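See below for the structure under consideration.
The values are calculated or read from the model by the stated rules, or taken from the named source; none is laboratory data. This is a predicted model, so every value here is computed, not measured. Note that each Cβ is placed from the backbone with ideal geometry, even for glycine, and that neighbours are counted across all protein chains shown. Areas reflect the complete protein model, heavy atoms only, side chains present, ligands, DNA and RNA absent. Shrake-Rupley method; radii C 1.70, N 1.55, O 1.52, S 1.80 Å.
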Amino acid sequence: MTIASDRGQGRPTLVLMHFFGSSHREWQHVIDRLDPSFRVVTLDMPGFGDARDESGYDSHSMARHARDSIERLALENVILVGHSFSGRIAMMLASERPDWLNALVLVAPAPVGPQPVSEEEQQFQLGFDFSEAQARAFIDGAIGVELDAALYNAAVTDAMNAHPEAWRAWPSTTYAEDMRDEVGVLAVPTWVLVGDQDPSLPPATQRELVMPMLENASLEVFEGYGHLLPMEMPERLAERLNVIARKA
């Protein structure tokens with residue numbers, strides 16, 4: 001992964017990771033509303049954003065990239081925030097019990113076991129042609145509310161600029177990876193946040209596939225929102241992160 005931004009020097013440190021097809025830019029409006037006393041770091045996954053030309057698209061490679069980035073910065077008192085696919089990465093890192101980890105915040109996370117994916121969604125992702133029309137369809141299909149125009153355009157651009165091999169790795173193989181035995185049940189304090197209109201990883205999926213892997217976790221459901229909470233409700237998400245960070 002690439003360290004895309006690093007702001008502040010306080011504690012705790014919030015490390016923000018993005019959803020599949022996106023980049024650190026999805027967190028822009030959240031970061032602007034976080035308590036300035038916190039340190040905030042954003043990471044881009046291999047194949048996306050500033051890490052477009054990095055390789056290593058399987059879950060283990062991405063977890064290693066993320067761990068190396070965090071340890072290169074010598075971060076402490078970390079709250080690891082993973083969104084969608086990177087929620088899986090966050091849980092994999094937590095299973096290693098690193099000394100630097102305080103808590104997890106999982107935003108509509110993918111499970112550490114195989115993710116349920118409809119045939120229609122898989123075929124769309126496999127056939128994605130990186131055109132503006134398909135990038136718009138990708139974002140439109142994930143949201144529950146209209147996005148801020150600048151954020152929407154950034155999301156479309158990120159999807160169009162993704163590395164084709166990184167993009168196709170997910171619907172080809174990565175979504176089906178199974179790390180349940182490897183990860184086990186996590187004891188780290190965890191908050192799972194999900195929109196009730198999430199078309200990909202809704203509350204029912206979180207209750208069935210994610211929550212049983214978390215020993216010390218709470219599930220919060222936000223009515224009227226879809227899969228892209230950092231862009232759909234940046235004010236509310238920043239508020240929750242501020243509260244969580246002060247507790248952790």
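Quote the charge dipole size of the stretch 102-160 about the Cα centre in Debye, to the nearest 20; the model charges only the Cβ of Lys and Arg (+1) and of Asp and Glu (-1).
Details: 1 positive and 9 negative charges, 42 e Å.
Magnitude of the dipole: close to 200 debye.
Classify the stretch 166-230: rounded, prolate or oblate, from the alpha-carbon gyration tensor (a ≥ b ≥ c, eigenvalue square roots; a/c under 1.5 rounded; otherwise prolate if a/b is larger than b/c)?
On the way: a/c = 2.24, a/b = 1.06, b/c = 2.12.
Oblate shape, in that a/c is at least 1.5 and b/c is the bigger or equal ratio.
With a Förster radius of 51 Å, plug the Cβ-Cβ distance of residue 5 and residue 118 into 1/(1 + (r/R0)^6) and report the FRET value to the nearest 0.05.
Values: r = 34 Å, r/R0 = 0.67.
For residue 5 and residue 118, the calculated efficiency is 0.90.
Positive end of the dipole of the chain, charges at C-beta (+1 Lys, Arg; -1 Asp, Glu), about the Cα centre: which of 199, 233, 5 has its Cα farthest in that direction?
My answer, from the dipole projection, is 5.
Can you give the calculated 222 nm mean residue ellipticity of the chain, where each DSSP H run of n ≥ 4 adds -39,500 (n - 2.57) and the sum is split over every residue, rounded to the nearest 500 deg cm²/dmol? Before the final figure, lay out each step's value.
Working: 10 runs with 89 residues, N = 248.
It lands at -10000 deg cm²/dmol.
Where the centre of each part is set by its Cα atoms, how far does the stretch 97-164 sit from the stretch 229-243, in angstrom?
18 Å
Which distance in nm do the two modelled labels at residue 71 and residue 242 give, with both placed 7 Å along the Cα-to-Cβ direction?
For the pair residue 71/residue 242, the computed spacing is 3.5 nm.
Enter the accessible area per residue of the chain (Å², integer; probe 1.4 Å; all protein chains in place).
Numbers: 9870 Å² over 248 residues.
With all protein chains present, the chain gives 40 Å² per residue.
Ignoring ligands, DNA and RNA, please state the percent of accessible area on the chain from carbon and sulfur, probe 1.4 Å.
Working: 4440 of 9870 Å².
Whole-percent figure for carbon plus sulfur exposure: 45.
Show me, for the stretch 105-110, the HN-Hα J-couplings you get by feeding each phi into the Karplus relation (A = 6.51, B = -1.76, C = 1.60, θ = phi - 60°), rounded to Hz, glycine and proline as x.
So the Karplus estimates, Gly and Pro as x, are 10, 10, 9, 6, x, 6 Hz.
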